[in-house]
Amino acid sequence: MNRPSFENFKEKALKNPEVKKEYDELIPVYELRKKLIRMRISKGLTQAEIAKKMGTNKSNISRLECGENVSFPSLVTIAKYANALGYKIKVEFESIS
């Protein structure tokens, strides 16, 4: 039996308006997580090292960066993460229309 590829599955699923709406709402969360990981890697730090700088556990950093955890991190947590890497956060809003 031939299994559909993830891309085929995704394309079919996104035709459902409810699935598409949920997917679109999660895009900023996943984009933020990818950006956090890129920043950490660009500084040459492991999850354990940034956890130490933040005064937390590696497991907390793993959950923060993990794509399977759909809860949104607090702005304070994001700021602490950024500060531990030598960054500050900047929040911007864009018009939907």
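Only the coordinates and a few stated rules stand behind these numbers; no lab work does. Quick caveat: nothing in here was measured; it's all calculated off a predicted structure. Every residue, glycine among them, receives a Cβ derived from its backbone with ideal geometry; neighbour counts consider all protein chains shown.
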- With each pseudo-label sitting 7 Å past Cα toward Cβ, what's the Asn16-Glu31 distance in nm, one decimal? 2.5 nm
- Which is the longest stretch in the chain that no exposed loop site breaks, taking sites as GluC sites (Glu not before Pro) with a DSSP loop state and at most 16 other Cβ atoms within 10 Å? 1-67
- Labelled set (1) 1.07; (2) 3.32; (3) 1.32; Cα Rg over 2.2 N^0.38 Å computed from this model equals the value at (3)
- Task: Just tell me, in residue order, which DSSP H segments of the chain are both 24 angstrom or longer along the helix axis (alpha-carbon based) and at least -1.0 in mean Kyte-Doolittle hydropathy.
- Result: 17-42
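Per DSSP H run of at least 4 residues, take -39500 (n - 2.57); add these up for the chain, divide by its residues and hand me the 222 nm value, nearest 500 deg cm²/dmol.
Values: 5 runs with 60 residues, N = 97.
Rounded to the nearest 500, it is -19000 deg cm²/dmol.
Using R₀ = 25 Å, calculate the FRET efficiency as 1/(1 + (r/R₀)^6) where r is the Cβ-Cβ separation of Ser42 and Ser71; round to 0.05.
With R0 = 25 Å, the Cβ-Cβ based efficiency is 0.50.
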